[in-house]
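Enquirer: Sharing a structure below in structure tokens format, with a few things to ask.
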Amino acid sequence: MELWNTVWDAFNAPMFSLGEEPITPLSIVVLLVILAVTWIVAGRVRWLLERRIGQVAGMQEGTLHVIGALGRYLIIFVGFFVGLQSVGLQLDSVLILFGALGVGIGFGLQNIANNFVSGVILLFERPVEVGDVIEVGGELGTVERISIRATTLRKFDQTQAIVPNGDLISGVVTNWTHDDRRVRVDFMVGVAYGSDTALVERILKELVDGHEKVLDDPAPRVLFMEFGDSSLNFRILAYVPDLMDRLTTQSDLHYAIDEAFRTHDVEIPFPQRDLHVRSIDSDAVLQHAPTATNGSPRA
């Protein structure tokens with residue numbers, strides 16, 4: 001019993017004071033226990049919000065992740081202040097201290113705060129969602145995860161790009177699949193001057209209409225666009241059901257057009273220039289004329 005009293009007195013011995021109540025080893029242990037329990041509870045609540053509630057509410061994965069992160073941070077914030085109050089710290093003093101620190105480090109945390117607020121905006125406005133194919137800051141990829149600070153893109157070479165949320169709110173974002181996964185195949189084909197333009201249009205139309213990936217709505221179009229420097233230029237516009245089909249469809253059409261043009265003797269020209277010589281200086285003619293073996297110019 002005497003040993004227990006000695007240990008108890010040691011745990012309750014004042015160490016220092018930051019308020020009206022002295023800080024003791026026991027109060028520090030209580031603070032650590034409260035923080036540990038808060039951390040565990042916050043993680044569990046986040047899991048419940050993202051998994052259980054998500055299954056019932058049917059929300060998007062990105063939205064659930066942000067809600068879970070906000071719930072976790074809120075619980076940690078409350079638990080931290082409860083723990084400080086349990087050791088006798090006055091919350092008014094703590095708030096003043098944090099206010100002073102906030103002014104001091106605010107400039108250094110501007111980007112973090114901006115990205116945090118941007119993450120909340122993404123949650124409510126939802127201009128970008130998990131699964132969208134977007135292009136931002138020169139990075140093109142599929143949105144894999146939207147966290148409270150940054151968004152993860154899975155690029156087509158299977159690498160990941162971490163994009164700060166602030167860039168998604170303040171920058172220009174191209175969302176290829178936000179409300180419609182259809183995308184347009186758009187390219188030019190040039191044929192030589194003198195080609196039968198009606199025949200060219202018919203060939204291109206048949207090839208585009210006959211491709212299995214090209215959609216009927218919107219209907220594909222073949223347009224005679226311009227008289228170029230070396231060619232008559234046609235533009236092909238067609239829609240495919242998904243971004244992943246865009247490049248393969250365009251490649252298929254290129255192969256088919258090349259083969260069809262060869263079959264119908266339609267020439268695909270290359271750039272060329274005609275040079276017209278109006279006059280040549282007589283001295284230049286003598287200078288560049290072939291010379292005989294005796295050194296005099298040949299006639």
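Rule-based calculations on the coordinates, nothing more; no lab input. The shown structure was predicted, so the numbers you read here are calculated from the model rather than taken from an experiment. Cβ: placed from backbone, ideal geometry, glycine included. Neighbour counts: every protein chain shown.
Enquirer: Order the peptides 114-122, 77-85 from the highest to the lowest mean number of other Cβ atoms within 10 Å of their residues.
Expert: Final packing ranking: 114-122, 77-85.
Enquirer: Sequence-distant or interchain residues sharing an amide H contact under 5 Å with TYR239, placed H: which?
Expert: Hits under the 5 Å cutoff: VAL185, LEU215.
Enquirer: Kirkwood Rh, Cα Rg: Rg to Rh for segment 138-268?
Expert: 1.12
Enquirer: Still on this model: In whole angstrom, note down how far apart the Cα centers of segment 146-172 and segment 207-234 are.
Expert: Computed from Cα coordinates, the inter-centre distance equals 35 Å.
Enquirer: Follow-up. If each residue's Cβ is checked for other Cβ atoms within 10 Å, how do HIS254, HIS178, HIS276, HIS211 rank with the fewest at the top?
Expert: Neighbour counts put them in this order, fewest first: HIS276, HIS254, HIS178, HIS211.
Enquirer: Sticking with this structure for a sec: Using Cβ contacts closer than 10 Å as the measure, can you line up ARG46, ARG126 from fewest to most?
Expert: Ranking ARG46, ARG126 by Cβ neighbours within 10 Å, fewest first, gives ARG126, ARG46.
Enquirer: Please report the relative contact order for segment 110-217, taking Cα pairs under 8 Å with a sequence separation of at least 6, and give it as a percent rounded to a whole number.
Expert: 22
Enquirer: As a test of the definition: which semi-axes, in Å, follow for segment 128-175 when you take the square root of five times each eigenvalue of its alpha carbon gyration tensor? Largest first, please.
Expert: Value: 14, 12, 9 Å, ordered largest first.
Enquirer: Sort ASP245, ASP186 so the one with the fewest other Cβ atoms within 10 Å of its own Cβ comes first.
Expert: Lowest count first: ASP186, ASP245.
Enquirer: Run through all the Cα pairs of segment 201-260 and give the fraction in each 5 Å bin from 0, expressed as whole percent.
Expert: Spelled out bin by bin, segment 201-260 gives 4, 18, 28, 26, 15, 7, 3 percent.
Enquirer: What do you get when you divide the Cα radius of gyration of segment 172-227 by 2.2 N^0.38 Å, with N the number of residues?
Expert: 1.44
Enquirer: Counting only residues 5 or more places away or on other chains, whose amide H sits under 5 Å from the amide H of TRP176 once H atoms are built in the peptide plane?
Expert: VAL133, ILE134, GLU135
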